1. Under 8 Å for C-alpha pairs, at least 6 residues apart: give me the relative contact order for chain A, rounded to a whole percent.
2. Under 1.5 on a/c is rounded, so check that first for the range A:163-307, then, if it is not, pick prolate when a/b is larger than b/c and oblate when it is not; a ≥ b ≥ c are the square roots of the alpha carbon gyration tensor eigenvalues.
3. Based on the mean of other Cβ atoms within 10 Å per residue, sort peptides A:497-506, A:95-104 so the most packed one is first.
4. One-quarter of the Cα convex hull surface for the range B:236-343, in nm²?
5. Compute the Cα gyration tensor for the range A:378-443, then decide on rounded, prolate or oblate, letting a ≥ b ≥ c be the square roots of its eigenvalues: rounded whenever a/c is under 1.5, prolate when a/b is larger than b/c in the other cases, and oblate in all that remain.
6. Note the distances from A:P300 to each other copy's matching label point, with points 7 Å along the Cα-to-beta-carbon direction, in nm, sorted shortest first.
7. Could you size up the charge dipole of the range B:81-120 around its Cα centre, putting +1 on the beta carbon of Lys and Arg and -1 on that of Asp and Glu, and report it in debye to the nearest 20?
8. In the full protein assembly as shown, how much of B:F217 is accessible to a 1.4 Å probe, in Å² to the nearest 10?
Number of protein chains: 2
Amino acid sequence: MRRLSFAIATLLAATAMAPLAIARGPDGPAAPSAPVDKIVDEGTNRSEVMRVAQYLTDVIGARLTNSPGMRQAEDWTQAKFREWGLTNVHKEGFEFGRGWSAKNAGVKMIAPRPLTLIAAPLAWTPGTNGPITGQVVLAPMADEAALDQYKGKLKGKIVLLTEPTDITDATDPDFRRYGDADLDKADTFQLQNGGASANRRPSSASRMAFTAKRDAFLKAEGAIAYATMSSRNGKLVHGQNSQFQVGATPPLPGFEIAAEDYRRLTRLAKMGAAPSLELNSEVSYDDSDTKAYNILADIPGTDAKAGYVMAGAHMDSWAMGDGAADNAAGVSMVMEAARIIKASGIKTKRAIRFALWSGEEQGLLGSMAYVENHVASRPVDPALTGTNRYMNWSKAFPIKPGADHSKLAAYFNLDNGSGKIRGIYTQGNTAVVPIFREWLAPFNSMGATKVATGRTGSTDHVFFDAVGIPAFQFIQDPLDYGSNVHHTDVDTFDHLKPDDMRQGAIILATFLVNAANAPEPLPRLPLASEPKASDGFYAAPGAH
Amino acid sequence: MRRLSFAIATLLAATAMAPLAIARGPDGPAAPSAPVDKIVDEGTNRSEVMRVAQYLTDVIGARLTNSPGMRQAEDWTQAKFREWGLTNVHKEGFEFGRGWSAKNAGVKMIAPRPLTLIAAPLAWTPGTNGPITGQVVLAPMADEAALDQYKGKLKGKIVLLTEPTDITDATDPDFRRYGDADLDKADTFQLQNGGASANRRPSSASRMAFTAKRDAFLKAEGAIAYATMSSRNGKLVHGQNSQFQVGATPPLPGFEIAAEDYRRLTRLAKMGAAPSLELNSEVSYDDSDTKAYNILADIPGTDAKAGYVMAGAHMDSWAMGDGAADNAAGVSMVMEAARIIKASGIKTKRAIRFALWSGEEQGLLGSMAYVENHVASRPVDPALTGTNRYMNWSKAFPIKPGADHSKLAAYFNLDNGSGKIRGIYTQGNTAVVPIFREWLAPFNSMGATKVATGRTGSTDHVFFDAVGIPAFQFIQDPLDYGSNVHHTDVDTFDHLKPDDMRQGAIILATFLVNAANAPEPLPRLPLASEPKASDGFYAAPGAH
């Protein structure tokens, strides 16, 4: 049923509109040889997008940066690009840190009664060297002042670091698609401010510094491990360790415990039942190659001087689940767009480059490295690395354009799950609005309608955008991405939507071809210069 | 905030209405000594309902019939009733079968890549005697004909029995309270038909028989274990084994695997990746006492000849989670109603009996035993035991009234989670509607408004109802009971709603006092006789 309706929508879309940027016959509707028709045909009838997604998720699984899974994905995707005939397929390394993977992790309550709990080892924390047991103590530590009160009380203990919160009533559906009102919300102009808005959480630097101090305190006090509470209910766990300073190795085993199990522990502790746990995590570190790698592959243009356009998606994931919606979905659509364009034999003036980023989950590190190496540099303190570099990069001025700054005509990113494309954020670039409206027109009947002036952040287009490249993230239906899937152990292939992903790959391929063939490069915003305090919109750190 | 608003609602309710069935002063509003005011005061200001619930869930945990947890709960609740001054506190046994409990159960994928899966051992299946490993084979067997096609193909294998289904979009909220339209739906008259409607699934007998044949086939073919897929997404598991014939011991270890993990296994199997599992379950059987026990406790009436009224809730649960919403919630409200009435010093003409049932999850077996021993018997084939007896009991005629048939004036049940009471089902007993409207009036402003003529089934009032006792289940807000909690590993204390449960205990206590003091026993429906085919509403088995 859904395939049929998709096919019908596809036919309607392919014949209904004749976007200006695509060459058309002079006498009426599009000829079957028009690029958009070829793309729709190839992406609908010979789609590989779900096969790619399934290999990345079911077969390879989680792809934490520099983990064995990510290494396997780096090799497999390069081979796939080569198999499809792309050129200049290679990986570009940047310094990251040791690899980490865990297996056979488990947490059991052994007193006051035996019970298997749901838990995940926190990424990059050391293993337990076999099962270790200890009594839990609830010791939430929000800041350095809080450490003192637990001095002398943690020896031999498993420290519960999260103050448990009650369950909130889940009165919103877990699964949703955008309505018009949602799409309209994205259509709000925001002033460009040198990319500073890329940093959602400018206080993270101090939080990371505190986390390092807290970990050292726990170790010094003789605690044997610590645990945090999952931020989601319903036994979902993440194993995400966002306060990890890239390259560092935490001193103690750390676990995230499912919310229901964690709350039970804290209640038992408060009633004096002295709950004890057995913790086990078998962890491997890999120092054989501390570089992370972006995967790059090209389809050459017909005019070597015309520069290039680009699509990207990050391939790394967190360690639980299979990294399906975040972001095998984006990777598969980017790769499928490459395959569609190549298989269709469409020629473009500009080259098209495809990028699969690494280190995104630790601070967009892969795309930042690409921008720094090819597009533009900023005078960031060299002592700042990893996530700290991410958090400070957009605040450093002046921006110094690099070799590709004038060559890179457009960048398109996919990283909002497997939901179908409903439109595109223009990041305040109002001049591209009419152009994108035309490019999106053939896909209006597939639900892709909104060219939004608003900005979106938190993924790999932001550092391109921050140095003046026309760089965009598509608007996608949220599905169950935010409710259940994002970074959890149910980020699995079965939560992906095949019809949506076929639509996304088709639209991305069309945008790339249009951008690569447009007579002029996409209009750019002026290169940002350091905002002055008197400008009034450059808020102090912490105010975002 | 919520406590405050509850307290305000309570005050409003306690003073606003003067229900006819409660003695009132002649000169105006209720005196502070009126039973309803005492009940509201005791149940609001000195509530124990959440302490009871917490002990049953956090400390004791799961209470599968005849498991160690259920035995502990049987002892603890009797001690609590005695501590509160109830009389005739005792347990009444009925033949059930061996006890079962599991610990340290786990399922890991060992090929094509290592991964810890979420799984639950199916209740009553044997343990693995240490970890066992085998390749999975997807072999859905819906009926006997399906067995043949797998002959010779299962030796040494782990058999996946469920044909996986896709994820359905979760477009309804997980958590909800009833609106007026929901309550109105319950207000639909249905003809009484001798209790035959108690059986939701009359085909279960044949399904159970097939399950036994299938298990024997798997064993004979040399399969080492089997697994089913969780019916819920999001890694929730149940371990429920509804096709278990009480008293039987399944021949092979069986596991329920989380839906996402199960689907991944079947996809890998279909793509030829030959997934293998390591299964482990450490299981204990207990044959020391094969009787299950109902817990009974009384508050005597002032007139020994006036008979009694009764409240009940089942205390047994399935083996995953802590049996919180199903049904520590109901048990705690029933016990709290007992405590409130006793502590308030309220005297009633009729005695009030409190029952905590066992064996409900295997077919209302505890309440059925009570009805058979005290209230009425039916000529069921003695060869039918356990769940098979449950499924056939209401079809057997004639009904023969027992010693308590004329004495038991009313039965009230609680088993729909921890949501507040929104009304009561009258089971088609239209004569009680005006009476219950009066009894419910003081609680209208607490959200309890609906006296519904409709029937509800599936819990311990049905066999009382089926032999002509006025027996009722309250209408409760569903909360997240149906979406996530029911029979799963997140049926835990934190999903219970304290304010709702205080309200429920208060209303139940008031109904019990009203029923025990009513001048006349509640009106009864005529005792059912065997429906004739010509009556047209006694559907053939399978048609429900």
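1. Answer for chain A is 24 percent.
2. Oblate, since a/c reaches 1.5 and b/c is not below a/b.
3. So the order, starting with the most tightly packed, is A:497-506, A:95-104.
4. Its Cα hull, projected and averaged over all orientations, spans 11.2 nm².
5. Here the range A:378-443 falls in the prolate category.
6. From this label point to the equivalent ones elsewhere in the assembly: 10.3 nm.
7. 340 debye
8. 20 Å²
The values are calculated or read from the model by the stated rules, or taken from the named source; none is laboratory data. Since we're looking at a predicted model, the values are computed, not measured. Don't worry about glycine lacking a Cβ; one is built from the backbone with ideal geometry, like all the others, and counts go over all protein chains shown. Protein only, heavy atoms only, side chains kept; ligands, DNA and RNA dropped before computing areas. Shrake-Rupley method; radii C 1.70, N 1.55, O 1.52, S 1.80 Å.
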